[in-house]
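Enquirer: Below you'll find the structure I mean.
The values are calculated or read from the model by the stated rules, or taken from the named source; none is laboratory data. Computed from a prediction, not measured in an experiment: that's the story for all the values here. Ideal geometry is used to build each Cβ from the backbone, glycine not excepted, and the neighbour counts take in all protein chains shown.
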Amino acid sequence: MNNLINILQYQFVERAIIAGLFLGIVCAVMGVFLVLRKMSLIGDGLAHISFGAIAIGIVFGFYPLVTAIPLVIIASLIIYALTRKHIIEGDAIIGILASLGLATGVILSSISTGFNIDIFSYLFGNILSITQQELLFVIIGSIIILSVIILFYQEFMAISFNPEQAKISGIPVTILDILFSIITALTVLMSIKLAGALLVSALIILPASSSLQLAKSFQNTMLFAVVFALISILIGIIISFIFNIPTGATIVTFNAIIFFVILIIKLLKTK
């Protein structure tokens, strides 16, 4: 217990935990909607695009998020537009833009000098190095995203389960889908520092997938997803600090453990 109290005395650990709590709630809630919409892969695609966009900002001397926010939102809207018009399959355009984003980041990091550590911290994640400015971005972004979800909760839920019925009911599906694409992009971008571009999608998918194995209602699914996400993040941050191992990977590992434990228990019960 004393060791835990000593850990919490470090300001960078406090910042990491605060950011992790906000991100855990946002990722869990967004993850439920994305899994139900069968859009889980978009998190992975936007994460790779975010890495390229952040690399552009770092290499050219801009604050990374200044360049990343508009570029990632544009990419998310392109994915939505092309998928909706059936010009190309959703998983194909996600794969194309994700590959381009990752390749851009790798090329820029290879030709730059002195920026590799900064760039690769976004690739692999390191929430323990989160700055005061990044923490502020996470808090403000999380409040905006959660406010949008609360405001349009019923509409998002209706679209997630049956978009055609939602359109017939008079819900502005197109406008809300565009808004959802924007907050999805922001969610992924905020989470890059926590889990890194390579693991962000797992942070979004795993809590939602675990909760769907247990919950009997949509509200309970949201609640379980948030609980699983927060437990994994808190344990992951503390364990990674104590043993000096990558934080993002540790968090994702605990998320995966929760998922497989629940899955095994469910399979045993069905037998």
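Enquirer: Quick check on this structure: which one of THR174, THR221 is buried (at least 16 other Cβ atoms within 10 Å of the Cβ), part of a helix (DSSP H, G or I) and modelled with pLDDT under 95?
Expert: THR221
Enquirer: Take the conditions in a helix (DSSP H, G or I), of a type in the set (Phe, Trp, Tyr) and over 15 Å from PHE22 (Cα atoms) and apply them to PHE180. Does it pass?
Expert: So PHE180 fits the description; yes.
Enquirer: Oh, and also: Does region 257-265 contain at least one residue that is in contact (Cβ under 8 Å) with a residue 40 or more places away in the chain and either within 14 Å of GLY125 (Cα to Cα) or in contact with a Lys or Arg (Cβ under 6 Å, 6 or more places away or on another chain) (or both)?
Expert: Checked against the condition, which is being in contact (Cβ under 8 Å) with a residue 40 or more places away in the chain and either within 14 Å of GLY125 (Cα to Cα) or in contact with a Lys or Arg (Cβ under 6 Å, 6 or more places away or on another chain) (or both), region 257-265 yields no hits at all.
Enquirer: A follow-up question, please. Is it the case, given these coordinates, that LYS269 is modelled with pLDDT under 90 and assigned to a helix (DSSP H, G or I)?
Expert: Yes; evaluated as a whole, the condition is true for this residue.
Enquirer: Quick one: ILE42 ticks every box in (1) closer than 25 Å to SER160 by Cα; (2) under 17 Å from the mean Cα position of the chain (by Cα); (3) in contact (Cβ under 8 Å) with a residue 40 or more places away in the chain; (4) surrounded by fewer than 23 Cβ atoms within 10 Å (Cβ to Cβ) except a single one, so which number is it?
Expert: So the condition that ILE42 fails would be (4).
Enquirer: Among the residues of region 139-171, which ones are part of a helix (DSSP H, G or I) and surrounded by 17 or more Cβ atoms within 10 Å (Cβ to Cβ)?
Expert: Residues satisfying the conditions are GLY141, SER142, ILE145, VAL148, ILE149, GLU155, PHE156, MET157, ALA158, ILE159, SER160, ALA166.
Enquirer: Can you name the condition, by its number, that TYR122 falls short on among (1) surrounded by 22 or more Cβ atoms within 10 Å (Cβ to Cβ); (2) hydroxyl-bearing (Ser, Thr, Tyr); (3) farther than 22 Å from ALA47 by Cα; (4) modelled with pLDDT under 90?
Expert: Against the list (1) surrounded by 22 or more Cβ atoms within 10 Å (Cβ to Cβ); (2) hydroxyl-bearing (Ser, Thr, Tyr); (3) farther than 22 Å from ALA47 by Cα; (4) modelled with pLDDT under 90, TYR122 comes up short only on (3).
Enquirer: Evaluate the following for VAL226: is it surrounded by 24 or more Cβ atoms within 10 Å (Cβ to Cβ), part of a helix (DSSP H, G or I) and touching a residue at least 40 places away in the same chain (Cβ under 8 Å)?
Expert: Spelling it out, it is not the case that VAL226 is surrounded by 24 or more Cβ atoms within 10 Å (Cβ to Cβ), part of a helix (DSSP H, G or I) and touching a residue at least 40 places away in the same chain (Cβ under 8 Å).
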